[in-house]
Amino acid sequence: EDAVFKESGNMPTWASDKPMRFWKAADQYERANGRTYTELEISLPRELTTDQQIELVREFTKNVLGTEHAYTWAIHQPKAQDGELNPHVHLMFSERTNDGIDRSAEQYFKRYNPSNPELGGAGKDRTFTHKSFVHAVRQEWSATVNHTLEKLNIHARIDHRSYRDMG
């Protein structure tokens, strides 16, 4: 009930008009111990309007996922303990790479076949499982937010570093 906007993209052809079909297929066809999606939950600057937050999330998603990974995100604005809004986004995405091969929903989630990619499923991008991804995505978020704030002449800035690293 506190969701204000949601968007999906980079879906394979069989789910391009119904993103929930993609996520249901991931639950159904991904191997039993496989990861069906990765989720990021990120605070949004209160200084921005909802429309500006939407544009910020679109830019960040494009920078991190490009056009190769199916995603769905939703902006929520529940009340925070201080009585103000607590805007944040939930971004879920597939590690599977859209490689341009037209596959059925079932085939999409099968094991990748490097010798004959058209016979296997979409390959997984292992970038998202490395420890360095957490640091890289925090750095990208910081750069994207600060660029947006600067462009809008808002003097607030964020820092992706931990308090310890900031001294």
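The values are calculated or read from the model by the stated rules, or taken from the named source; none is laboratory data. From a predicted model like this one, the values you see are computed outputs, not experimental measurements. Cβ coordinates were reconstructed from backbone atoms using ideal geometry, including for glycine residues, and neighbour counts include every protein chain displayed. Ligands, DNA and RNA are excluded from the accessible area calculation, which covers all protein heavy atoms including side chains. Shrake-Rupley method; radii C 1.70, N 1.55, O 1.52, S 1.80 Å.
On the given criteria, is Leu149 outside any helix (DSSP H, G or I) and of a type outside the set (Asp, Glu)? It would help to see each step written out before you state the result.
Numbers: outside any helix (DSSP H, G or I): no; of a type outside the set (Asp, Glu): yes.
In short, no.
Within region 23-43, the set of residues being open to solvent by 60 Å² or more (accessible area, probe 1.4 Å) and acidic (Asp, Glu) comprises Asp27, Glu39, Glu41. Taken as a whole, region 120-128 holds no residue that is part of a helix (DSSP H, G or I), open to solvent by 60 Å² or more (accessible area, probe 1.4 Å), touching a helix residue (DSSP H, G or I) at 6+ places or on another chain (Cβ under 8 Å) and at pLDDT 95 or above. Among the numbered conditions (1) touching a Lys or Arg at 6+ places or on another chain (Cβ under 6 Å); (2) open to solvent by 40 Å² or more (accessible area, probe 1.4 Å), the only one that Asn113 does not meet is (1). The conditions of being within 19 Å of Phe22 (Cα to Cα), of a type in the set (D, E, K, R) and not in a loop (DSSP other than H, G, I, E, B) are met by Glu106.
It is to be established whether one or more residues within region 69-76 are of a type outside the set (A, V, I, L, M, F, W, C), in contact (Cβ under 8 Å) with a residue 60 or more places away in the chain, over 18 Å from Asn10 (Cβ atoms) and part of a loop (DSSP other than H, G, I, E, B). Full working, then the answer.
As a first pass, look at region 69-76 and keep what is of a type outside the set (A, V, I, L, M, F, W, C): 69, 71-72, 76.
Checking the rest, the ones that are also in contact (Cβ under 8 Å) with a residue 60 or more places away in the chain come to 71-72, 76.
In the following step, the residues that additionally are over 18 Å from Asn10 (Cβ atoms) were identified as 76.
From what's left, part of a loop (DSSP other than H, G, I, E, B): none.
No, every residue in region 69-76 fails to be of a type outside the set (A, V, I, L, M, F, W, C), in contact (Cβ under 8 Å) with a residue 60 or more places away in the chain, over 18 Å from Asn10 (Cβ atoms) and part of a loop (DSSP other than H, G, I, E, B).
The residue that is farthest from Val145 (Cα to Cα), among those in region 58-72 that are among the hydrophobic types (A, V, I, L, M, F, W, C) and in contact with an Asp or Glu (Cβ under 8 Å, 6 or more places away or on another chain), is Val64.
Across region 90-121, what is the number of residues that are in contact (Cβ under 8 Å) with a residue 40 or more places away in the chain and in contact with a strand residue (DSSP E or B) (Cβ under 8 Å, 6 or more places away or on another chain)?
Keep residues of region 90-121 that are in contact (Cβ under 8 Å) with a residue 40 or more places away in the chain, which gives 90-95, 98, 102-106, 108-111.
Applying the additional criterion that residues be in contact with a strand residue (DSSP E or B) (Cβ under 8 Å, 6 or more places away or on another chain) yields 90-95, 108-109.
Total satisfying the criteria: 8.
Counting the residues of region 77-97 that are out of contact with any helix residue (DSSP H, G or I) (no Cβ under 9 Å at 6 or more places or on another chain), of a type outside the set (D, E, K, R) and either more than 16 Å from Pro45 (Cβ to Cβ) or in a loop (DSSP other than H, G, I, E, B) (or both) gives 7.
To keep it simple, each residue is scored yes or no on (1) open to solvent by 50 Å² or more (accessible area, probe 1.4 Å); (2) hydrophobic (A, V, I, L, M, F, W, C).
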site: Pro45; (1), (2): no, no
site: Leu65; (1), (2): no, yes
site: Gln81; (1), (2): yes, no
site: Ile101; (1), (2): yes, yes
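Pairing residues of region 38-49 that are touching a residue at least 12 places away in the same chain (Cβ under 8 Å) with residues that are in a loop (DSSP other than H, G, I, E, B) and surrounded by fewer than 17 Cβ atoms within 10 Å (Cβ to Cβ), at Cβ distances under 6 Å and at least 6 apart in sequence or on separate chains, gives Glu47/Ile154; Glu47/Ala156.
Assess whether Arg164 counts as being part of a loop (DSSP other than H, G, I, E, B), without any contact (Cβ under 8 Å) to a residue 24 or more places away in the chain and loosely packed, with under 15 Cβ neighbours inside 10 Å. Even if it seems obvious, please write down each step before you answer.
Working: part of a loop (DSSP other than H, G, I, E, B): no; without any contact (Cβ under 8 Å) to a residue 24 or more places away in the chain: yes; loosely packed, with under 15 Cβ neighbours inside 10 Å: yes.
No.
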